[in-house]
Amino acid sequence: MKEKNIPEHVAIIMDGNGRWAKKRFLPRTFGHNEGAKNLKRILTHAKKLGVKYLTVYAFSTENWKRSKDEVETLMSLFKTYIKKEEKTFQENDVKFIVSGRRENVSKDLLDSIDYLSEKTKFNKGITLNIAFNYGGRSEIVDAINKIIDSGEKNITEKTFEKYLYNDIPDPELLIRTSGEIRISNFLLWQIAYSEIYVTDKLWPDFREKEFEEAIESFNKRERRFGGINV
Ligand code: IPE
Ligand code: IPE
Ligand code: MG
């Protein structure tokens, strides 16, 4: 890949697992399984290209509306993913973090999350931030409540950011797969100036080549941040 400008932080709305399965007359859960496998590929490739933070939307605060079966599958898939990836994360220097609310998540899953976060906290190759039971609005409301509890006054944008789930830079590039042109309550604060890339590819079909295409598109953008480029 000839492009030089690799974003430090890429965020992805991994959408389209259900449609991927439907196209193959398979249950939606098969799509989620393929989606999890694909995350492994994209994480490896992102690290190889020099991305330092990869945030992926895995379960939204609205996804509880789905059938009990599907919710349970997504919960157990995450648990299995954590178990399976521990070794790979250590070998590849991946720091694992999670953004989201802990409420309604089982103690068992929370323990696994805490275990892997603790185990990988000194890794420096790439940070994988999984947005799980995540909502952009909840994150902002949770931050406000933390600020009230802290008693801190005269909040600025910089101090506000300290109260978000994780203190990491904003994503320069936001990718959404499967063609929906909406944010679905993802990273509302952090994407103020992110470049947005939407592709029709369904998440399980969004491979290394497609990831590079997204970065290529990012490289062609003129980022102005409200100013004027001369
Ligand atoms: C994304 O795929 C994964 C989650 C939301 C958990 P979907 O399950 O939303 O797939 P579609 O949008 O129905 O195809
Ligand atoms: C967003 O996808 C959430 C995740 C990818 C985890 P959804 O499929 O839930 O979003 P909507 O319902 O199409 O907006
Ligand atoms: Mg969807």
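The values are calculated or read from the model by the stated rules, or taken from the named source; none is laboratory data. For clarity, every value in this text was computed on a predicted model and none was experimentally measured. Using ideal geometry, Cβ is built from the backbone for each residue, glycine included, and neighbour counts are taken over all protein chains shown. In case anyone asks, the SASA skips ligands and DNA or RNA and just uses the protein heavy atoms, side chains included. Shrake-Rupley method; radii C 1.70, N 1.55, O 1.52, S 1.80 Å.
Listing for the model above:
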{"item": "Dipole of region 98-213, positive direction: furthest Cα of Gly135, Thr159, Val198, with charges on the beta-carbon", "result": "Thr159"}
{"item": "Area of Asp114 that stays accessible when all protein chains are in place (1.4 Å probe, Å², to 10)", "result": "60 Å²"}
{"item": "FRET efficiency for Arg102 and Thr159, using Cβ-Cβ distance with R0 set to 41 Å, rounded to 0.05", "result": "0.95"}
{"item": "Within-14-Å neighbourhood charge of Val105 [Cβ basis; K, R +1; D, E -1]", "result": "-1"}
{"item": "Selected from Asp149, Asp111, Asp170 as most flexible by GNM, with the chain as the system and alpha-carbon contacts under 10 Å", "result": "Asp149"}
{"item": "Of Thr127, Thr61, Thr80, the one that fluctuates the most in a GNM where the chain has Cα springs shorter than 10 Å", "result": "Thr80"}
{"item": "Mean separation of Cα contacts under 8 Å (6+ apart) over length of region 62-145, as relative contact order %", "result": "35 percent"}
{"item": "Kirkwood hydrodynamic radius over Cα pairs of region 1-95, then Stokes diffusion coefficient at 25 °C and 0.890 mPa s, in µm²/s", "result": "166 µm²/s"}
{"item": "Listed pairs Lys87/Lys121; Lys52/Lys119; Lys22/Lys107; Lys68/Lys146; Lys84/Lys162 exceeding 23 Å between Cα atoms", "result": "Lys22/Lys107; Lys68/Lys146; Lys84/Lys162"}
{"item": "Per-q log10 I(q)/I(0), the chain, q = 0.09 Å⁻¹ (Debye; single scatterer per alpha-carbon; no solvent)", "result": "-0.37"}
{"item": "Contour excess over end-to-end distance, with Cα ends at Lys124 and Trp64 and 0.36 nm allotted per residue", "result": "18.3 nm"}
{"item": "Net length gained if the chain between Ile140 and Ser184 were fully extended (0.36 nm per residue, minus Cα distance)", "result": "14.4 nm"}
{"item": "Stretch gain in nm, segment Glu222-Phe25, where the contour uses 0.36 nm per residue and the Cα spacing is subtracted", "result": "66.7 nm"}
